[in-house]
Amino acid sequence: MKEVARGKTTGGGEAIYLSDGTINLGLVKGPAVPGAGIQVLGFQVPSIREIETEIKKPLGLTYPGEPLLAIERESLDGPYKVALLKDPDGNQLALSEQGWEV
């Protein structure tokens, strides 16, 4: 992997972005969310609106009794224009129609 970008996150942290041309990795100084480990997984998707429609369907992507999933839109001013999806355990998935620069 090689460094492809460096800068500030929308939350004010510092980040270094690495890529091998297929997989991107963002290393962020300071936790973006509470807890250790992988904090955000990113996926390039054809349509965020289609995903929003699917996750609003009862039992579309959750088990009975789990809360429904919701997309939290981030500012579209950032370098990667993403929306965040949090699962019932609080894990974050970053969704982007443009993908991330490599």
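Brief remarks follow.
- For the range 42-56, the count of residues that are modelled with pLDDT under 75, of a type outside the set (A, V, I, L, M, F, W, C) and outside any loop (DSSP other than H, G, I, E, B) is zero.
- Residue check, Gly60 modelled with pLDDT of 75 or more and assigned to a loop (DSSP other than H, G, I, E, B): no
- Gly35 under 18 Å from Asn91 (Cα atoms), at pLDDT below 80 and assigned to a loop (DSSP other than H, G, I, E, B): yes
- Total residues in the range 1-25, condition outside any strand (DSSP E or B) and within 16 Å of the chain's Cα centre (by Cα): 5
- Any pair with Cβ under 6 angstrom, 6 or more apart, that starts in the range 63-74 at a residue that is under 15 Å from Leu93 (Cβ atoms) and ends at one that is modelled with pLDDT of 75 or more and acidic (Asp, Glu): Ile71/Glu52
The values are calculated or read from the model by the stated rules, or taken from the named source; none is laboratory data. Note that this is a predicted model, so its numbers are computed, not measured. FYI the Cβ positions are ideal-geometry reconstructions off the backbone, even for glycines, and counts take in every protein chain you see.
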